[in-house]
Amino acid sequence: MPFGEQPAYLRVADDLRRQIADGALPPHAKLPSQASIRSHYGVSDTVALEARKVLMAEGLVEGRSGSGTYVREAVQPQRLHRSGYRTLGESTPFRQEQTDERVGGTWRAVSERREAGGRIAERLAVPPGEELMCTRYEFRVGDRPMMISTSWEPLRLTARTPVMLPEEGPLAGRGVVERMAAIELVVDNVEEEVGARPGLAEEAMVLGGHPGQTVIVISRTYRAGSLPVETADVVVSAERYRVAYHLPVR
């Protein structure tokens, strides 16, 4: 098979990718072996190996230990809806993170005291080493993991108040806006920054996939005026979700 100017391994990868898209190589089908690719396309072992690596990096195929390489089932990304924060009515942690009323979910959380590291200290405008309440949430929809959220709140604001522990006390499980209002801090603005990075091993254990797969990270900070009262990192699988914002026109 003649090849043009494009590197041979990319031409092979393109053809295999087309077969996957067309269904000639359906989900769960075994990818042709390195030897089969070499023979069929008239290329070297190196080219065949690099072509398979391309498909692996693109998430189209996956290796199974002792078995071979198989076509992955395509994932249809779902929307993670976000629209700022709510000031009226009950606002649970799930509603704070996923604002689509049609989607219901559950969560579990663990809180512990932590010292502010450099990045978090900067976001909360506190000195490094200041004591914070750190709460890690795992959110699920049905039996599937949806997202991880790690929240930090300055104990200089919440210590010895009924809202010191987000998941305990009279306002347990309510959103940041409602909890802060109970200690006379009126949250009136929120900032979110969206980025992406390779997922960590502990994130892959919760969200599925494997370490290194791309995750979306939403870094959020709630403020009362210019005072940061909470900051959080929300992590979702970039393969499974798209972040959708609904914002009012002013």
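The values are calculated or read from the model by the stated rules, or taken from the named source; none is laboratory data. The model shown is predicted, which means the values in this text are computed figures rather than measured ones. Every residue, glycine as well, gets a Cβ built from its backbone with ideal geometry; the counts of neighbours run over all protein chains shown. For the accessible areas, the whole protein counts, side chains as well, though only heavy atoms, and no ligand, DNA or RNA atoms are used. Shrake-Rupley method; radii C 1.70, N 1.55, O 1.52, S 1.80 Å.
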| request: Taking only protein heavy atoms into account and a 1.4 Å probe, give the accessible area per residue of segment 132-250 in Å². | output: 49 Å²
| request: For the chain, give the magnitude of the charge dipole about the Cα centre (Cβ charges: +1 Lys/Arg, -1 Asp/Glu; no others), in debye to the nearest 20. | output: 420 debye
| task | Only Lys, Arg, Asp and Glu count, each charged at its Cβ (+1, +1, -1, -1), so figure out the dipole size of segment 94-232 about its Cα centre, rounded to 20 debye. | result | 140 debye
| query | Share of the chain's accessible area from carbon and sulfur, percent, 1.4 Å? | reply | 52 percent
| query | When the helices in the chain are scored as -39500 (n - 2.57) per DSSP H run of 4 or longer and the sum is shared across all residues, what 222 nm value do you end up with, to the nearest 500 deg cm²/dmol? | reply | -7000 deg cm²/dmol
| query | What does the charge count near LEU155 come to, summing +1 for each Lys or Arg and -1 for each Asp or Glu among other residues with Cβ under 13 Å from its Cβ? | reply | -2
| request: Considering the options PRO93, GLY42, SER111, tell which one lies farthest towards the positive end of the dipole of the chain, charges being +1 on Lys and Arg and -1 on Asp and Glu at the Cβ, about the Cα centre. | output: GLY42
